[in-house]
1. Looking at (1) over 17 Å from the mean Cα position of the chain (by Cα); (2) among the β-branched types (Val, Ile, Thr); (3) assigned to a loop (DSSP other than H, G, I, E, B), which is the only condition ILE65 fails?
2. Out of the residues in the stretch 206-239 that are hydrophobic (A, V, I, L, M, F, W, C) and farther than 27 Å from LYS30 by Cβ, which is nearest to the ligand (Cβ to nearest atom)?
3. Applying the selection to the stretch 29-50, what residues are within 15 Å of the ligand (Cβ to nearest atom) and assigned to a strand (DSSP E or B)?
4. Could you list, in sequence order, the residues of the stretch 5-28 that are touching a Lys or Arg at 6+ places or on another chain (Cβ under 8 Å), assigned to a loop (DSSP other than H, G, I, E, B) and open to solvent by less than 10 Å² (accessible area, probe 1.4 Å)?
5. How many residues are part of a loop (DSSP other than H, G, I, E, B) and either surrounded by fewer than 17 Cβ atoms within 10 Å (Cβ to Cβ) or away from the ligand (no atom under 13 Å from the Cβ) (or both) when one looks only at the stretch 113-169?
6. ASP190 passes all but one of (1) under 30 Å from GLY6 (Cα atoms); (2) open to solvent by 10 Å² or more (accessible area, probe 1.4 Å); which number fails?
7. Consider THR53 against the criteria (1) out of contact with any Leu (no Cβ under 6 Å at 6 or more places or on another chain); (2) in a strand (DSSP E or B); (3) of a type outside the set (Gly, Ala, Ser): it satisfies all of them except one. Which criterion is unmet?
8. Please count how many residues of the stretch 199-246 are surrounded by 14 or more Cβ atoms within 10 Å (Cβ to Cβ), of a type in the set (A, V, I, L, M, F, W, C), touching a residue at least 24 places away in the same chain (Cβ under 8 Å) and over 30 Å from LYS176 (Cα atoms).
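The values are calculated or read from the model by the stated rules, or taken from the named source; none is laboratory data. Since the structure is predicted, the reported quantities are computational estimates derived from the model, not experimental observations. So basically every Cβ, Gly included, is an ideal-geometry build from the backbone, and we count neighbours across all protein chains shown. Surface accessibility is based on the protein's heavy atoms, side chains included, excluding ligands, DNA and RNA. Shrake-Rupley method; radii C 1.70, N 1.55, O 1.52, S 1.80 Å.
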Amino acid sequence: MELLKGKVVLITGCSKGIGRAIMERFAQEKAVVYANARTVGDIDSISEELSNTYETKVVPCYFDIRDKNAIKECVMKIKAEQGKLDVLVNNAGIMKDALIEMVDDRTLQDTFDINVFSTIHMTQMALKLMKRGAGGSIINVSSIVGVRGSEGKTVYAASKGAVANLTMTWARELVKNNIRVNALAPGKIDTDMYRTTGEDQAGIKEVGMKRLGKPEEVANAALFLASDLSSYITGEIIGVNGGWFL
Ligand SMILES: NC(=O)c1ccc[n+]([C@@H]2O[C@H](COP(=O)([O-])OP(=O)(O)OC[C@H]3O[C@@H](n4cnc5c(N)ncnc54)[C@H](OP(=O)(O)O)[C@@H]3O)[C@@H](O)[C@H]2O)c1
């Protein structure tokens, strides 16, 4: 349907999982995609394949999102090549579980560095370019546990709660610039991150639909928020959870 034709997007964490699905879906809808991944070479072939298949441009951008200079270089590159940025997807994240008494400083630091501080730095830098345009959309990837909490997820849930809150604050600050800011709050999605929980079938049965979500199903929600179909929606946290209400 070419829902993103003419739009330039930047997505973090495209090496696998939800980020990769968003990269593929957005390319399919003809966006020009700047796709971030950490390991050099990781997404070279998929980027080339998507560019050729969908007759668009998918450009790998290799950096760790904790590296502020690298973020700046990436945005400068987009500015030089495209002159604008319409959509930012803050997807990259990590999850480490611990009960409150077991939380250590390393876990706290790493989780907040990546899930929260880097999301803020990415957005600060992206806004320098986005604000020069006619408007745009920022999509943060939070989590259902960021909104509801979850036993054993003190650090991760708190970081995703921060992401949900940033979303509402930025929506208020940026509405005058015609930049919409929304978040996705996925439930149990079939990716490496979910698999590290080692959850069994009993966990999946907690979900109303009795199955895990697919990364592509989160990507479809991201597509809605990135496209003009959601032109009157800002400051929302949208669940993608198959009826898992926690
Ligand atoms: N899966 C779920 O059930 C679920 C539920 C709710 C929310 N989420 C959220 O959805 C987002 C995507 O998760 P996922 O399930 O797709 O997890 P995943 O399969 O583990 O993928 C995470 C992605 O983030 C990247 N990343 C992590 N740290 C990074 C850094 N410092 N710099 C650049 N990239 C970095 C990873 O890159 P590498 O390959 O280099 O590590 C990978 O591409 C996360 O924010 C997660 O919290 C997931």
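1. (1)
2. Per the stated criteria, the residue is LEU212.
3. Selection gives VAL33, TYR34, ALA35, ASN36, ALA37.
4. Correct list: CYS14 only.
5. 9
6. (1)
7. (2)
8. Residues in the stretch 199-246 being surrounded by 14 or more Cβ atoms within 10 Å (Cβ to Cβ), of a type in the set (A, V, I, L, M, F, W, C), touching a residue at least 24 places away in the same chain (Cβ under 8 Å) and over 30 Å from LYS176 (Cα atoms): 3 in total.
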